[in-house]
Amino acid sequence: MKKEVLDFVTEKTKELIDAPTCSQEAREAAKAWLDAVGTDKEQEETKKYVAELEEDIVTVDGLIAFAESEAGAGVFGEKAPEVASHGREIKAAGAKYCGCPACAAVEAILSKKEEMLQ
């Protein structure tokens, strides 16, 4: 992996780990990837990391549906309608994914997927 790509992904990975909305699975995959950088396990962990990120990123449609569900109401409480409304607004503006800190970091990382997997 080129140094510029590695530096970018490393920075975004640290943002992901620190994001309050990051899932435990993504956080663990991120840490495992960081630990593997520069070792003979880097390529293997990169593949696992990318796969986990692709599983975890939430589409804007998924965000809206979740916010409007009973489970979403349990997570967002009385803010659930606002979250759904926000999802519709960002979708109308062209967003493909949820805009939370974790999904924003994942989207940025996945923008380098091809370069990561070379």
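Only one entry in V75, V9 is surrounded by 12 or more Cβ atoms within 10 Å (Cβ to Cβ) and at pLDDT below 95, namely V75. Just a yes or no: is a residue in segment 25-41 surrounded by 14 or more Cβ atoms within 10 Å (Cβ to Cβ), under 12 Å from C103 (Cα atoms) and of a type in the set (V, I, T)? Checking segment 25-41: not a single residue is surrounded by 14 or more Cβ atoms within 10 Å (Cβ to Cβ), under 12 Å from C103 (Cα atoms) and of a type in the set (V, I, T). Screening segment 72-118 for helices (runs of 4 or more DSSP H) wholly inside it with 2 or more residues that are more than 17 Å from the chain's Cα centre (by Cα) returns the ranges 80-92. Output yes when any residue across segment 101-117 is buried (at least 17 other Cβ atoms within 10 Å of the Cβ), in contact with a Gly (Cβ under 7 Å, 6 or more places away or on another chain) and hydrophobic (A, V, I, L, M, F, W, C), and no when none is. No, the conditions are met nowhere in segment 101-117. Report every pair of residues separated by at least 6 positions or lying on different chains whose Cβ atoms are under 8 Å apart, first residue within segment 76-101 and within 12 Å of F66 (Cα to Cα), second assigned to a loop (DSSP other than H, G, I, E, B) and hydrophobic (A, V, I, L, M, F, W, C). Cβ pairs passing all conditions: G87/C98; C98/I57; C98/V58.
Here is a yes/no grid of residues against (1) under 17 Å from K113 (Cα atoms); (2) among the aliphatic types (A, V, I, L, M):
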position	(1), (2)
T10	yes, no
A19	no, yes
G38	no, no
T46	yes, no
G74	no, no
E89	no, no
A92	no, yes
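Could you list all residues from segment 1-30 that are more than 19 Å from S111 (Cα to Cα) and not hydroxyl-bearing (S, T, Y)? Of everything in segment 1-30, those that are more than 19 Å from S111 (Cα to Cα) and not hydroxyl-bearing (S, T, Y) turn out to be D18, P20, Q24, E25, E28.
The values are calculated or read from the model by the stated rules, or taken from the named source; none is laboratory data. Note that the structure is predicted; figures quoted are calculated from it, not measured. Cβ coordinates were reconstructed from backbone atoms using ideal geometry, including for glycine residues, and neighbour counts include every protein chain displayed.
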